[in-house]
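The values are calculated or read from the model by the stated rules, or taken from the named source; none is laboratory data. Remember, it's a predicted structure, so these values are computed and weren't measured experimentally. Reconstructed Cβ throughout: ideal geometry from the backbone, glycine too, with neighbour counts over all protein chains shown.
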Amino acid sequence: MSRTLTVTRAPNSRPRRLSLSLITPRAPPPLLNLPAELVFEILELSLQTNKPSNITTVCKTISSFLDIILYRTVVLNSNDTVNLFYRTTLSKTSSFLSTHVKHVVLTFAPDHSSLQFRRIRDILPACTGLRSLSLPSGYELDSALTLVRAVNSDVLSELIVHSHEGLLSQSRLGLQQHSVCNASLSHLRISEPGDGFISPRSVLSSFGPLPHLTHLQLSRRINSNEQNDRLFIDDLDTILKDRPDLKVLVVSIFPLPWTPAGTDVTQSSIWNMVESLAMLDRRLVLRKGEYKEWDAEWDGVRRANMGEASDFWTSVRNEMVVL
């Protein structure tokens, strides 16, 4: 008597070929065979047209690359971005924040009594690997120093301030007690001139002794008070003489805000005064200042929070070579 063996498949069973595909090791994406620098460039370009969440699904290694890109420069340009990144600092490990967040850029100035200001004050010490901090104009000296002192990083090397607006105020905090991060600062930029005059040496003293300062940018407008122009030049001369370790002092000369576009600042008296001093010390570099140039440096970062900002000091070095 013949026997018949009937094999039936359960309605929800998975075909064997599909089950094997889940346990068979997958080859890494060909992208990972490329040099790391090239991988970063490809991913940064991809972020211009793709959401990060779409790219992270490729593999964990790609996700790690994206974390490096997305978090190395954090631009806080609104209350919402402050709140979002504050929550990120609570959810990420301290080692993640230390190794990933290298630059924090604050492009708006929440009031010092606001929740957002307090959250920024909490964000900064969480990023212990911070190398660069950018502050907007408008903060009084105490508020600016509060944020600088909040940084808990011994590798902070650059402080960028949009303008000296607000730094004219007198400090009530006691400037004799400066945070550890001030000692590590080597680069200080006052990107644009503000209303009112503050002498270059007063700017420096506001941030402490700065014993390791090697790169300094200051700014001045044309057609300003002539007596203050002379004080400005005298301070530049003193800074150059008192700081032999200073490698470069950049002075950006700006037109008046209401002057026509294309105004030639090189024909101004302050340009000629600084130029005469620069002939005596090649560390002094003159530049034509452009309003909102400071903000434009972060445009590429703000678009997808990716990549590095334009390297101001690299462009200065190139100009020094040309000179």
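Considering only residues that are assigned to a helix (DSSP H, G or I) and in contact with a helix residue (DSSP H, G or I) (Cβ under 8 Å, 6 or more places away or on another chain), look in the stretch 97-117 and name the one that is nearest to His162 (Cα to Cα). Even if it seems obvious, please write down each step before you answer.
Narrowing the stretch 97-117 to residues assigned to a helix (DSSP H, G or I): 97-100, 115-117.
After this cut, where a residue has to be in contact with a helix residue (DSSP H, G or I) (Cβ under 8 Å, 6 or more places away or on another chain) as well, the list is 97, 100, 116-117.
Values: Leu97: 25, His100: 24, Gln116: 19, Phe117: 17 Å.
Per the stated criteria, the residue is Phe117.
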Being more than 26 Å from Ile69 (Cα to Cα) and at pLDDT below 95 is the filter here; which residues of the stretch 115-143 pass it? Ser137, Gly138, Tyr139, Glu140, Leu141, Asp142, Ser143
Could you list all residues from the stretch 245-268 that are part of a loop (DSSP other than H, G, I, E, B) and within 27 Å of the chain's Cα centre (by Cα)? Asp245, Leu246, Lys247, Pro255, Leu256, Pro257
Please go through the stretch 219-242 and give me each residue that is out of contact with any Ser or Thr (no Cβ under 9 Å at 6 or more places or on another chain) and in a loop (DSSP other than H, G, I, E, B), ordered by number. Ser224, Asn225
Among the residues of the stretch 231-288, write down those that are among the small types (Gly, Ala, Ser) and surrounded by fewer than 17 Cβ atoms within 10 Å (Cβ to Cβ). Ala261, Gly262, Ser269, Ser276
Is it fair to say Ile222 is closer than 30 Å to Ser157 by Cα and surrounded by 12 or more Cβ atoms within 10 Å (Cβ to Cβ)? no
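Yes or no, residue by residue, for (1) surrounded by 16 or more Cβ atoms within 10 Å (Cβ to Cβ); (2) among the hydroxyl-bearing types (Ser, Thr, Tyr):
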{"site": "Glu44", "(1), (2)": "yes, no"}
{"site": "Asn50", "(1), (2)": "no, no"}
{"site": "Arg72", "(1), (2)": "yes, no"}
{"site": "Leu76", "(1), (2)": "yes, no"}
{"site": "Ser91", "(1), (2)": "no, yes"}
